[in-house]
Amino acid sequence: MDNIRRVASEAIQKIKNSDDKVLESIKFEYLGKNGILTKILKSLSHYSIEDRKKIGFEANKIKTILASEIKKKERCIKRDLLAKKIRREKLNCSSIFCFPFSKGSFHPIVQTIQDMILAFKLLGFSLADGPEIETDWYNFEALNIPENHPAKDMQDTFYLDGTKSLLRTHTSPGQIRVMEKQKPPIKVVVPGRVYRNETSDASHSSTFHQIEGLEVDKNVTFLGLKMILTKFIHNFFCCKLDIRFRPSHFQFTEPSAEVDIQCLFCKGKGCKICKNSGWIEMLGCGMVHPNVLRSVNYDSEVYTGYAFGIGVERITMLKYKIDDIRLFYENDLRFLRQF
Ligand code: PHE
């Protein structure tokens, strides 16, 4: 299974960096008659029925993902070729709305969210979303955050005047909304925008993005959580980084941890960005607190789960070595055009 997923991340990276000629050979290499995935599917007879099912399912899923990524890239390439052709022919486009006009690109935060969703899909997660305007119940109470908790303070949370609503301070209410609608097994990621009542500086913003992850089933363990996050980080950054789990506290998980990755700026040697520690904090996680399971009427004696929340801006800053979060919101084209 690991092998298949490695093949998939590798292929996706190759597709992204390809041009029309290379794309054809990538298609051949992975999806062709003697392609890597076809070979995997052909070799299924060597495995037990149980493994055959698992591997076959995974390989077919990845085949579909790769085919759709290739299609997307083909469309991009076609559009670029057309734009180039028109530019070469020097057509007079002044009276009609057509190419070439600047085609624009996705915002780096949107790109990161798309990349993260894809990486989690490869690890078997599905996708859900939830509203940005939430109630006290979803944002706090169902998550085991009591009445007098500092996060509920006006200083930290934006409340909407004259209503009982607020702007969600994290994507964790997404966990509650998914569990309310579905019974286990659950394996889902919930991306979205979140709000905190705080002053902006180089590493803080009152609006930012997170991706929440949740798995609930019988026998979900902390080891499972460590495996998933380690695989995600290695796939997402496309290299083997050092990772550490540090004990921490969140009301809705027990035990809780924060995950640090080796500083990409100095490769762990210590620099200004990692405050000389060699580590950069990346996400919060833990085992879902039994009170949270009980708040959605799950039997906490039967089911266990893990959850994690990843800051999208943070991970984008790490990936592209950006040192000021405000750059994402200023819409300066000199910055945005680099993505
Ligand atoms: N919601 C937490 C935050 O915003 C992150 C988190 C999510 C921690 C899930 C543990 C489990 O900081």
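Checking the Cα-Cα distances for Lys16/Lys231; Lys152/Lys321; Lys121/Lys275; Lys85/Lys321 against a 29 Å cut-off, the pairs over it are Lys152/Lys321; Lys121/Lys275; Lys85/Lys321.
Here the chain is treated with +1 on each Lys and Arg Cβ and -1 on each Asp and Glu Cβ, and its dipole about the Cα centre works out to around 2220 debye. Under the shape rule built on the C-alpha gyration tensor, where the axes satisfy a ≥ b ≥ c, segment 103-161 is prolate, since a/c reaches at least 1.5 and a/b is greater than b/c. Among 311-320, 182-191, 296-305, 75-84, the peptide with the highest mean count of other Cβ atoms within 10 Å heads the list, and the full ranking is 311-320, 182-191, 296-305, 75-84.
The label-point distance for Leu127 and Asn148, in a model that sets each label 7 Å from Cα toward Cβ, rounds to 4.4 nm. With a cut-off of 15 Å on the backbone N, the residues of segment 286-324 near the modelled label site 7 Å out from Trp137 along Cα-Cβ are 294-298.
Give the shape of the chain as rounded, prolate or oblate, defined through the alpha-carbon gyration tensor: a ≥ b ≥ c are the square roots of its eigenvalues, a/c under 1.5 means rounded, and otherwise the shape is prolate if a/b is larger than b/c and oblate if not. Working shown, then result.
Working: a/c = 1.77, a/b = 1.23, b/c = 1.44.
Taking the square roots of the gyration eigenvalues as a ≥ b ≥ c, the chain is oblate.
Were the residues from Asp161 through Arg52 laid out at 0.36 nm apart, the gain over their Cα-Cα distance would be 33.6 nm.
Identify the trypsin sites (Lys or Arg not before Pro) of segment 125-171 meeting these criteria: DSSP loop state and at most 16 other C-beta atoms within 10 Å of the C-beta.
On the way: sites: Lys152, Lys164, Arg168; in loops: Lys164, Arg168.
Answer in residue order: Lys164.
Here the label points at Gln338 and Lys267, each 7 Å from Cα along the C-beta direction, are separated by 2.1 nm in the simple model. Highest GNM mean-square fluctuation among Lys121, Lys21, Lys61, for the chain modelled with Cα contacts below 10 Å: Lys21.
Most tightly packed first, judged by the mean number of other beta-carbon atoms within 10 Å of their residues, the peptides 4-13, 25-34, 135-144 read 135-144, 4-13, 25-34.
For n ≥ 4 DSSP H runs only, could you compute -39500 (n - 2.57) per run for the chain, divide by its residues and tell me the 222 nm figure to the nearest 500? Mind dumping the intermediate values first?
Details: 11 runs with 138 residues, N = 339.
The helix contribution divided over the chain gives -13000 deg cm²/dmol.
Computing FRET efficiency as 1/(1 + (r/R0)^6) for Cys76 and Arg246, where r is the C-beta to C-beta distance and R0 is 51 Å, gives about 0.80.
Toward the positive end of the charge dipole of segment 108-336, about the Cα centre and with charges on Cβ (Lys, Arg +1; Asp, Glu -1), which of Ser172, Ser277, Val189 goes farthest? Going by the Cα projections, it comes out as Ser277. Membrane-span-like helices in the chain, defined purely by DSSP H runs whose alpha carbon atoms cover 15 Å or more axially and whose average Kyte-Doolittle hydropathy reaches -1.0, are 2-16, 20-31, 49-89, 108-122, 222-237.
Heavy-atom surface analysis with a 1.4 Å probe gives the chain a carbon and sulfur content of 54 percent of its accessible area. Our estimate of slack between Lys103 and Lys84, defined as 0.36 nm per intervening residue step minus the Cα-Cα distance, is 5.6 nm. Here the label points at Asn197 and Met227, each 7 Å from Cα along the C-beta direction, are separated by 4.4 nm in the simple model.
Determine the per residue accessible area of the chain with all protein chains present and a 1.4 angstrom probe, expressed in square angstrom. The partial results should precede the final answer.
Working: 18990 Å² over 339 residues.
With all protein chains present, the chain gives 56 Å² per residue.
The values are calculated or read from the model by the stated rules, or taken from the named source; none is laboratory data. Keep in mind that this is a model prediction, so the values were computed, not measured. Cβ coordinates were reconstructed from backbone atoms using ideal geometry, including for glycine residues, and neighbour counts include every protein chain displayed. With ligands, DNA and RNA removed, areas are computed over all heavy atoms of the protein, side chains included. Shrake-Rupley method; radii C 1.70, N 1.55, O 1.52, S 1.80 Å.
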